[in-house]
C-alpha cells in the first residue's frame, strides 16, 4: 500500500508501527511525496518524514539530492522487513542505517534512522550483543586521542572535554552501551545533517527529537543488538515471499557499495531458493539494492498450485 503525501506537513519523530501477526515480518506503509517549488534537498525531505538521507536517495535513484525537481514524485521508504532477531529492546542494523526499538508491553516497534561510524581507522561501528549501561542528559564529550588528532588534521583543536551545549556534537541526550568498555553510545547531534549516513566517530547518532523520545523510553539494562545484514527475506503467512536488499557497508574509500558482494544468511539462502520465489525478480532486487521490500513471489507457480 502507498499513501500520497504531497499535502502532508510530514513527520519529525520515529515511525511507530504495530507488530505484525505471528510468522510475519513485514511492517509499515510506503508513501509518495510530491516535491514543491521550495521543497528543499533530500535531507530536508528525509527529516520531514523521519527517514534517513541514504534510504531516501536509494529509494529514488536519479533524483538530484540537493535540488530535486519540483513536481517530482518521491517514494518515502517506510515499509520494512523486521530483522530476524528477538522482538525485544533495541536492534540496530548497520547495513540499513536503522534502529528498531520494541516498546515493552505495547506490541509496537519504533523505527529510527541513524548515522553510524564513518570509514577509516577506529571509527567503524562494530556489531555486538550488549545492554544499556547508562543514560545521561546534557552529556559532556571526551574525545579520544585519535579523534583529537583527526580534528587537528582539519585545523580544529578540541578541548580535553567538550561541555554540554550547542557546540557538543552529542546533542542533549546520550545512552551508553556496556560493551567495549562503554565507549559506544547512542546519542543526538548538534548538526542538521548526517542522519542515515556514515558520519560519526563510531557511535550511533539520531536526530535530536528522536533521541529525546528514545531516551525517555529505554531503561538501564535494556538489551541491545547491533547486526550488519544487508539482505533480509521473509515468507509471509499468506505465502508471499519478500526480500529487502541494502548496499553493504564499504570497507574502504575505493569500494563501490553498489557492486560489493552481498552477504546472505544461510536461512535466507534457503528461503530465496524456494521454487515459489521468482529468481529473475530476486536477481533484479539484488542488483538494484534499493533498500525497500520487494515481492519476489513466483506468481505463475502460485497460480499453478492453486489450480491443482
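Observations
- The range 49-203, relative contact order in percent, only Cα pairs under 8 angstrom and at least six apart counted: 25
- Residue-averaged 222 nm ellipticity for the chain, from DSSP H runs of 4+ at -39500 (n - 2.57), nearest 500: -5500 deg cm²/dmol
- The calculated FRET efficiency for the pair residue 119 and residue 157, based on their C-beta separation and a Förster distance of 25 Å, comes to about 0.60.
- Between 0 and 90°, nearest 10: helix 208-217 axis offset from the chain longest Cα axis: 80
- Folded to 0 to 90 degrees: helix 279-288 orientation relative to the chain principal axis, Cα: 20
- Between the alpha-carbon centres of the range 184-242 and the range 136-155 there is a gap of 22 Å.
- Computed across the range 25-74, the Kirkwood hydrodynamic radius from all distinct Cα-Cα pairs reaches 11.2 Å.
- The DSSP beta bridges internal to the chain are antiparallel in roughly 80% of cases.
- Cα-Cα separations in the range 32-139 greater than 16 Å, expressed as whole percent: 66
- Taking 252, 265, 201 in turn, the Gaussian network model of the chain (Cα-Cα springs below 10 Å) assigns the largest fluctuation to 252.
- Diffusion coefficient (Stokes-Einstein, Kirkwood radius over C-alpha pairs, 25 °C, 0.890 mPa s) for the chain: 120 µm²/s, rounded to a whole number.
- Counting only DSSP beta bridges with both residues in the range 89-227, the antiparallel share comes to about 75 percent.
- Using a simple spin-label model with pseudo-atoms 7 Å out from Cα toward Cβ, residue 44 and residue 144 lie 3.7 nm apart.
All of the numbers you see were taken from the coordinates with simple rules; none came from a lab. Small disclaimer: the values here were computed from a predicted structure and weren't measured. Cβ atoms come from the backbone with ideal geometry, glycine included; neighbour counts cover every protein chain shown.
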